[in-house]
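None of the figures in this text is laboratory data; all of them are computed from the coordinates on show. In this text the structure is predicted, and so the values were computed from the model without any measurement. Here Cβ is always computed from backbone atoms with ideal geometry, including for glycine, and neighbour counts include all displayed protein chains.
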C-alpha cells in the first residue's frame with residue numbers, strides 16, 4: 001500500500017503559489033539561467049553523441065559501457081549545484097520580504113479572490129508538480145527553462161497569474 005501525502009491546505013497552496021510564481025518570475029530575469037540552459041543543451045547534444053557512438057560501436061570495445069555511464073551522470077551534479085545556488089539567492093531575497101508573523105499572511109489571503117490563483121494553476125498540466133505544491137529547485141528550474149523556450153501554454157498560464165496578482169490588494173508587508 002502506497003502512502004499518499006495529504007492534500008495541501010488552501011493556505012499552503014497559496015503560499016506555495018505566491019512563492020513559486022515569484023521565484024520562477026525572478027529566475028526568468030537571471031542571466032545565469034539562460035547560460036545554464038545553453039550549457040545543458042550543449043551537454044545533452046554532446047552526451048547524445050557520446051551515447052550514440054558507444055551504442056553504435058562494438059559493445060566489446062573497452063570503455064563503451066564507461067562512456068554511457070559517464071555521459072549519463074556527468075552533468076547532473078554540476079547542474080543541480082548551479083541551480084541550487086541560483087535559487088538560493090532568489091529564495092533569500094523573497095524570504096527577506098516575507099512576513100515573519102504567519103497570521104499576517106493568513107489575514108492577507110483570507111479573501112476569496114485568492115482562490116482564483118489556485119483555479120488557474122489547477123486548469124493546466126505541464127507533466128510536473130503544480131505551482132501550488134512545494135517545489136524542488138530542479139522543478140522550479142524546469143519551469144524557468146520551459147518559459148524561456150517559449151512554451152505557449154505556460155506563457156498563457158503565467159499571463160493569467162500575473163493578471164490575477166495585479167488584481168489583488170498589495171500585501172501589508174510590502175508597503
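Which length gain, in nm to one decimal place, applies between residue 128 and residue 174 when the Cα-Cα distance is subtracted from 0.36 nm times their residue separation?
The residue 128-residue 174 span can extend by a further 13.5 nm.
Could you line up 29, 105 from fewest to most neighbouring Cβ atoms inside 10 Å?
29, 105
What does the highest-first list of 15-23, 159-167 look like by mean Cβ count within 10 Å? Don't jump to the answer; show the numbers that get you there.
Details: 15-23: 20.6, 159-167: 13.6.
Result, highest mean first: 15-23, 159-167.
Distance between the C-alpha centers of the stretch 76-120 and the stretch 154-171? Whole Å please.
15
Between residue 106 and residue 31, 0.36 nm times their residue separation minus their Cα-Cα distance comes to what?
Stretched out fully, the residue 106 to residue 31 stretch lengthens by 23.6 nm.
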